[in-house]
Amino acid sequence: MTMAKRWLIALFLVAPALVFAWPSASSAQQPKLDIKVFFGGSVTNYVSLLETGREQEIFGGWQVGFGARVRRRKAFVEILFSFNRWALALQEADASGNVLSLEAQVNSFELPLIMGYIPYKNPLFKLFLYAGYVNHFNTRIIATVGANAALGIEETTVRLKPKDVDFAIYQAIGRLGVNFDVAMFNFDFNYSISLNSATKTSYRTSYQQLQVNLAYLF
């Protein structure tokens, strides 16, 4: 991990403590806690920077999760946990050296650390702008191996660990987003970009992702 990434993580750990530890002049400025349960969909642009050029594919996915949001004055922080599933196309060589095409579903979970600003709020509507550092962990790949009559291979489904296909277990992700509360509902739109390669191959692979989430606030 580079020094810049270490400083980024430190910022997201220290800054919320400073904001919420600052003395308050009135009880109205005491921190307010919201519990959030959410689900949503995503679109992922997966990019491979090969020697032959840049290749990209677009895949759909979904996520579900929960977490806590703490507000004070115009600032807020969120710590969320989510389970994510997104699609991926791979090519992998078998024990005989045959190159097989795989259509895979990637299971992962995320722990975003989010800080933001509240430019406008009233009793029924609140607007939130934020940036975050996302800890992303790939846990399982469920792959369908395409049939190949010439090689005598039938279509099969296999469960793989990330290391079985040189996929990264941990990814660092940067995120920008906007969300708003309407009564007890929260609508979230965010953009994420990977900060390190998604695979352990010799060429760099990365992705950009758009998420839309709907949450219920407690």
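The values are calculated or read from the model by the stated rules, or taken from the named source; none is laboratory data. For clarity, every value in this text was computed on a predicted model and none was experimentally measured. Here the Cβ is made from the backbone with ideal geometry for all residues, glycine too, and neighbour counts use every protein chain on show. Quick note on the areas: whole protein, heavy atoms, side chains included, nothing else; ligands and nucleic acids left out. Shrake-Rupley method; radii C 1.70, N 1.55, O 1.52, S 1.80 Å.
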Exercise. When the accessible area of region 107-191 is computed with all protein chains present and a 1.4 Å probe, what percentage of it is carbon and sulfur?
Worked result: 66
Problem set entry | Loop trypsin sites (Lys or Arg not before Pro), region 116-218, which have at most 14 other Cβ atoms in a 10 Å radius of their Cβ (DSSP) | LYS200
Seminar exercise, completed: Per residue convex hull volume, Cα only, region 108-147, in Å³ is 133
Problem set entry | Descending semi-axes in whole angstrom, ellipsoid equivalent of region 169-218, from the Cα gyration tensor | 31, 10, 7
Exercise. For region 27-91, what's the relative contact order in percent, using C-alpha pairs closer than 8 Å and at least 6 residues apart?
Worked result: 34
Problem set entry | Heavy-atom surface of region 154-218, accessible at 1.4 Å and reported per residue (Å²) | 53
For this session: Within region 46-80, report the GluC sites (Glu not before Pro) that DSSP leaves as loop and that have at most 16 other Cβ atoms within 10 Å.
Result: GLU51
Exercise. Counting Lys and Arg as +1 and Asp and Glu as -1, what is the net charge of the other residues whose Cβ lies under 11 Å from the Cβ of PRO162?
Worked result: +2
Problem set entry | Principal semi-axes in Å for region 109-218 [√(5λ), Cα gyration tensor, largest first] | 38, 17, 11
Exercise. How do MET184, MET115 rank by accessible surface area computed with a 1.4 Å probe, from largest to smallest?
Worked result: MET184, MET115
Exercise. If the viscosity is 1.567 mPa s and the temperature 4 °C, what Stokes-Einstein diffusion coefficient in µm²/s follows for region 46-93 when Rh is the Kirkwood radius over Cα pairs?
Worked result: 89
Exercise. Tell me, what is the 1.4 Å probe accessible area of ILE169, in Å² to the nearest 10?
Worked result: 80
